[in-house]
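Trainee: My structure is below; once you've seen it, I'll send some questions.
The values are calculated or read from the model by the stated rules, or taken from the named source; none is laboratory data. Just so you know, these numbers come straight off a predicted model, no measurement behind them. Please note: Cβ atoms are built from the backbone with ideal geometry, for glycine as well, and neighbour counts cover all protein chains shown.
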Amino acid sequence: MPLNKTIIALSLLTLFACSKKTNEPVEIPKLILGPLPGIYISYDSQSNTFRLGNEFIERRLMLNSDNNFLYTFAFINKLSGRNYIKSPDREISFSLGDKEISGLSGDLEYVSHEITGTAGIKMLELEFKITIKEKGILNLSVFYQIFQGFPVIKKWIEIKNPTGSGIAIKNIKTEYIKMSIGLQNQIYNRYTSFIFDFLANEYTGEEIAIGNETPGILKENLITANGFISVGIKSRNKGFEIPPGQKLVFPASLIFILSSDNKDIISSFLEYYLPAYERKDLSIWYEDISPGIDMQNLQKKMTLAAESGAKTFCLKGKWANKRGDWSTESNLEISSQYVHSIGLKLGVAVDIAVADVGSQALEVNTDQKVEVGDESNISIPDNGKLMCLASSYASYVSYELDSMVKNYGIDYLRFTGSIIPNGDFTGCSASKHIHYNPADSIWYIYQGLFTICDYLHRQNPDLIIQVHPESYNPINGVDLALLYYTDLKLILD
């Protein structure tokens, strides 16, 4: 399943710049309090306002076609009756060269809107045109999604480039808003590192929870005690290039409004929102394998694991003859037969982005190695090379691992080893890969990793996949993007 460069989106799970504001006055409509039933999105053509909400929350948007403005003028906690918006802000923001485009920059020419959905989820799409001097017109879509029974609104943006030349986008913020829940605000984090940030009022017990579906080290959240919230994706140098005729869908933000009696609802939302992949506790026995291990001794370890109550026996360390050639590992055939004969499941730790010198994987993918700066490639201990998952190698290793899972009855995959080159955003400089430049290569590498996970889950619905905490950057960082494509129980344990 080759990676698609045209649409890169985290469905969820599918960003910050200092800029000058317009001098035009921002209209703040009077709040109309009439209740709406159930889950709803409504549009009032006279005031050019939208209302999105459910029994817990309501967000109200102003669409000012005269000034080409878009902004939130109300974000209401229905349980307390409080509106957290004191003054409008940019709503969304990104940079084209030295120019900032935002909901208050006067550049969003309204085209149309569409309201869609089911009984449980409704979505609003706002479509705009943006005129770029000497380039032409870009198409921007801003999406809002509201869920039945959960006090959360999801939001993301899509940028299409119908011009005849590439467009570089930087400083992307899918959420740019100012919310105040009182004078005694405090900022903290819970639900495991990197998943949600919170703005809380310790006296009222009300909280705002902020989630960002951007993966790993690309995530960029800014939250201040006075209620400024910016949710985005980091970009370096040239930023993210959108080639002619293509589009990018940028990761979503999620904002929860919580009161003292529903703070545990986020856990319920995660169980509802994340894909229904296997979540069982596997009681895993990890066995570190050395080259040339005696198979009889290994089988004794497997028996000991079964007697101890373990449910899964996982090979890690140097169990593979050649990393990359996963579908032809002779060690797995014997291990698989014995493990399953004594009632255990079989797991293996796989250095997913590593191919050993002398392997067929490296021989047929020699141009798919990570290149950084003047180095032709990055060497990995024990004679390995780091492969770029933002290249056709992502498809190659997907098929290899799928064959391995099917050939040997693998029940659990643990992705280990180096995946993201250089956590300082150096990225991959190879010219024949799916990414366009080193600056955006890390984004595409994350997408390659998630594409592999998604493909393997689709081909093998009972397969359990985990990314080792030391392989996902930032190290030990768990986020919404990772939770969406891997298995929740194992990560949070």
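Trainee: Checking ILE445 against (1) assigned to a loop (DSSP other than H, G, I, E, B); (2) within 13 Å of ALA353 (Cβ to Cβ); (3) touching a Pro at 6+ places or on another chain (Cβ under 9 Å): exactly one of these is not met. Which one?
Mentor: For ILE445, the failing item is (1).
Trainee: Here's a follow-up. Please work out if LEU104 is closer than 21 Å to THR49 by Cα and surrounded by 15 or more Cβ atoms within 10 Å (Cβ to Cβ). First the steps, then the outcome.
Mentor: On the way: closer than 21 Å to THR49 by Cα: yes; surrounded by 15 or more Cβ atoms within 10 Å (Cβ to Cβ): yes.
Yes: the conditions hold for LEU104.
Trainee: Got a sec? Which of GLU114, GLU91, GLU109 is of a type in the set (Asp, Glu), surrounded by fewer than 21 Cβ atoms within 10 Å (Cβ to Cβ) and within 30 Å of GLY38 (Cα to Cα)? Reasoning before the result, please.
Mentor: Details: GLU91 fails: surrounded by fewer than 21 Cβ atoms within 10 Å (Cβ to Cβ); GLU109 fails: within 30 Å of GLY38 (Cα to Cα).
Only one candidate passes the filter, namely GLU114.
Trainee: Which condition number does SER418 fail, the rest of (1) within 30 Å of LYS247 (Cβ to Cβ); (2) assigned to a loop (DSSP other than H, G, I, E, B); (3) of a type in the set (Ser, Thr, Tyr) being met?
Mentor: (1)
Trainee: Out of LEU362, LEU401, which single residue is of a type outside the set (S, T, N, Q) and either at pLDDT below 95 or over 27 Å from the mean Cα position of the chain (by Cα) (or both)?
Mentor: So the residue among LEU362, LEU401 that is of a type outside the set (S, T, N, Q) and either at pLDDT below 95 or over 27 Å from the mean Cα position of the chain (by Cα) (or both) is LEU362.
Trainee: Report, by residue number, each residue of the range 304-336 that is over 20 Å from ASP402 (Cβ atoms) and polar (S, T, N, Q).
Mentor: SER308
Trainee: Looking at (1) out of contact with any Cys (no Cβ under 9 Å at 6 or more places or on another chain); (2) among the charged types (D, E, K, R); (3) assigned to a loop (DSSP other than H, G, I, E, B), which is the one condition that is false for GLU363?
Mentor: Every listed condition holds for GLU363 apart from (3).
Trainee: Given the conditions (1) modelled with pLDDT of 90 or more; (2) polar (S, T, N, Q); (3) within 26 Å of PHE450 (Cβ to Cβ), and given that ASN377 satisfies all but one, which numbered condition is not satisfied?
Mentor: Of everything listed in (1) modelled with pLDDT of 90 or more; (2) polar (S, T, N, Q); (3) within 26 Å of PHE450 (Cβ to Cβ), ASN377 misses just condition (1).
Trainee: Any residue in the range 308-334 that is at pLDDT below 95 and part of a helix (DSSP H, G or I) sitting within a Cβ distance under 9 Å of a residue that is of a type in the set (Lys, Arg) and surrounded by 15 or more Cβ atoms within 10 Å (Cβ to Cβ)? List the pairs, counting only those 6 or more apart or interchain.
Mentor: THR328/LYS322
Trainee: Which of the residues spanning the range 450-484 are modelled with pLDDT of 90 or more, part of a helix (DSSP H, G or I) and either of a type in the set (Ser, Thr, Tyr) or more than 17 Å from LEU274 (Cβ to Cβ) (or both)?
Mentor: THR451, ILE452, TYR455, GLN459, listed by residue number.
Trainee: So how many residues does the range 35-71 have that are in a strand (DSSP E or B) and farther than 23 Å from GLY120 by Cα? Explain how you work it out, then say what you get.
Mentor: Of the range 35-71, the ones in a strand (DSSP E or B) are 40-44, 49-53, 57-64, 69-71.
Within this subset, residues satisfying the condition of being farther than 23 Å from GLY120 by Cα are 62-64, 69-71.
Qualifying residue count, the range 35-71: 6.
Trainee: Quick check on this structure: which one of LYS247, LYS263, LYS238 is part of a loop (DSSP other than H, G, I, E, B), among the basic types (Lys, Arg) and under 30 Å from PRO438 (Cβ atoms)?
Mentor: LYS238
Trainee: Checking the conditions here, which among ILE223, ILE229, ILE289, ILE242 is at pLDDT below 95, out of contact with any Asp or Glu (no Cβ under 9 Å at 6 or more places or on another chain), of a type in the set (Val, Ile, Thr) and in the same structural domain as PHE56 (by TED's automatic domain parsing)?
Mentor: ILE242
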